[in-house]
1. Report ³J(HN,Hα) in whole Hz for each residue of segment A:83-88, in order, from the Karplus equation J = 6.51 cos²θ - 1.76 cosθ + 1.60 where θ = phi - 60°; Gly and Pro get x.
2. Please state the shape class of segment A:46-110: rounded when a/c is under 1.5, otherwise prolate if a/b exceeds b/c and oblate if not, all from the C-alpha gyration tensor.
3. To the nearest 100 Å², how much accessible surface do chains B and A hide from each other in total, with a 1.4 Å probe?
4. With helices defined as uninterrupted DSSP H runs, which ones in chain B have an alpha carbon span along their own long axis of at least 30 Å and mean Kyte-Doolittle hydropathy of at least -1.0?
5. Using each residue's phi in segment A:254-266, evaluate 6.51 cos²θ - 1.76 cosθ + 1.60 at θ = phi - 60° and report the 3J(HN,Hα) Karplus result to the nearest Hz, with x for Gly and Pro.
6. In degrees from 0 to 90, rounded to the nearest 10, what is the angle of the helix A:323-354 Cα long axis to the longest principal axis of chain A?
7. In degrees, nearest 10, range 0 to 90: what is the angle between the Cα axis of helix A:453-467 and the longest Cα principal axis of chain A?
8. What residue among B:Ala27, B:Ala38, B:Ala89 shows peak mean-square fluctuation when chain B is described by a Gaussian network model with Cα springs under 10 Å?
Amino acid sequence: MTHLPFLPFLLPFAAAGLLLLLEGRGLALARGLSLAAVLAGLLGAVALTAAVSGGEILVYRLGNWPAPFGIVFVADRLAALMVLLLFALALPALLAALRGLDARGPHFHALFQLQLAGIAGAFLTGDLFNLFVCFEILLIASYALLLHGGGLEQTRGGLAYVVLNLAGSALFLAGLGLLYGTMGTLTLADLAFELPVVPPADVPLVRVALMTIALVFLLKAALLPMAFWLPHAYAAAGAPVAALFAILTKVGVVALLRLSVIAFPDAPAGASLLWPWLPVLALATVALGTVSALAARRLAAVAASLVLVSSGTLLFAVADGGEAATAAALVYLPHSTLVTAGLFLLSGAVAAARGAPGDGLVRGPAMAGALPLGLAFAVLALAASGMPPLSGFLAKLMLLQGAGSGGWQVAWWTALLVSGLVTALVLARTASLLFWEPREAAAAAPPGPAVPPALLMLVLASPALALAASPVAGHAGAAAQQLHARIPYMVAVMGMGPDVPRERRP
Amino acid sequence: MELLLALAIGILAGCGVWLLLASRTFAILLGLALLGHAVNLLILAGGRIGAKAPPLALPGAAGLADPLPQALVLTAIVIGFGMSAFLVALALKGMGEGGSDAVDLPDAPPGREEEP
């Protein structure tokens, strides 16, 4: 049995433990170990993506316990794609953190690795309770990373974020308790087999349980009524941490996508559970993110608002539920993650180059290295607002064609196009304020290259995605097709249907 | 017994949510603790209530207590304990820096975001 599906979780987890043991042996050792773990994880993710690209579904049974009893890690195309994206994002985020953030407090690298382990586990696990555990791992690491080396502003953003997520965890557990009490299983594939045959008397309770769990995913993904924590928390985090956080909302999106596609169809308990309120709220989230970008007074806050726009867009595609919508969402997801992460890193670089005004959107002194930073900003802005020829345009085109059929088309097209236009306006105003208007002498240049290599990697991600549009779209389409086929996933995890004798308790 | 447990869960959750809506971190801490207790009882109830079924598969025993909810509750308690400890530390940090235990800590000193 191959150990590949477990590797993206195990590697950072082991590295985190090792880093905790070696704390106090010097920063250089910690940096080297952390970087080596991320590189190894990236290699593992590439190998995993290659291993599942033919359509196989790799199932890793911990302790070799059969599926409904033990914990399974399942790597299909979607999970492998997300893990690859995670490590492709982790590398620049870590490189950016090496420029000083990691020295501002203890345990940065251990926390960073724990964060990676939690996210990778959440993408790979095939069991809802294990998903809860992975959520907790990634959350506690994210709390500490958010507060890392910060002052009052971080504490302020962090407090609301922590309390909200703790309440979300309680809700998640309540949903899991109800689901186990009625269904007797928490393995996703087993649920998919069992949901269509729930006794009618249990259907309302199962619906409540599923809805509670979906609500928790939507809280992580920052859907409108539960989205106001995001701009504060993300804008308060250090730039490299915020860049890594760009993928955190996607954990909720992917978890909801998997739950709704694998478990809901054919089941009376899952029928129209997310419809039609989810698309309405998703469109409202896009609108909120757009307005929030208009109101932002810092570049990091603009980027955080774009995370909201991206969440709303993805959730609309999830609510649509069609295979084409999923494929388009899987093209849009890596693009928007990498571009918003790039904007976070850019805000950090701008703040370092400007000195006192930081990344605030006010007229300040001219920057050292304004030209390379401005060019980097131009690429990211074109990608973020969905202008041709970069990946944002292609992704939005696929979304316009793939999602929002029937009566939703007008609202969907309007939301996506207007939010793109306003994003372009906001970013043009930002560029004018930051790069165009300053006329005074440049401040002293900070040491190092004007565009750090980490930022360069993320700036080049969008052109690279556009150049590789055909394979990327092909892989996303194949992943969507595999996910929507459902049966291969269920059979791979459970065998030919669960022949577990079940005891129905009163 | 069922009514008692349901009432206990309901009252705990209700008090927890009420405290959670307060504007001070101390009340929120207590609220989250109560909510955690309610949720733990709910998971335990998922394994059905009863004191007669043995926890192990003994020959001749009629039923068997479901061990999984107990394992889930144990995990949930451990995680909840760690999270509460973190929140207490964070609340103390906020109180030390901001001078009060209000959730909406007073604004950071003006400077970065202000127009010159």
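The values are calculated or read from the model by the stated rules, or taken from the named source; none is laboratory data. Being a predicted model, the structure only gives us computed values, none of them experimental. Just so you know, the surface numbers come from the protein's heavy atoms only, side chains and all, with ligands and any DNA or RNA stripped out. Shrake-Rupley method; radii C 1.70, N 1.55, O 1.52, S 1.80 Å.
1. Values per residue, Gly and Pro as x: 5, 4, 4, 4, 6, 5 Hz.
2. oblate
3. 3500
4. What comes out of the filter, once short or polar helices are dropped, is B:25-46, B:67-98.
5. Computed from phi, the couplings for segment A:254-266 are 5, 4, 5, 4, 5, 4, 6, 7, 7, 9, 7, x, 6 Hz.
6. Its long axis makes an angle of about 30 degrees.
7. The angle comes out at about 60 degrees.
8. B:Ala89
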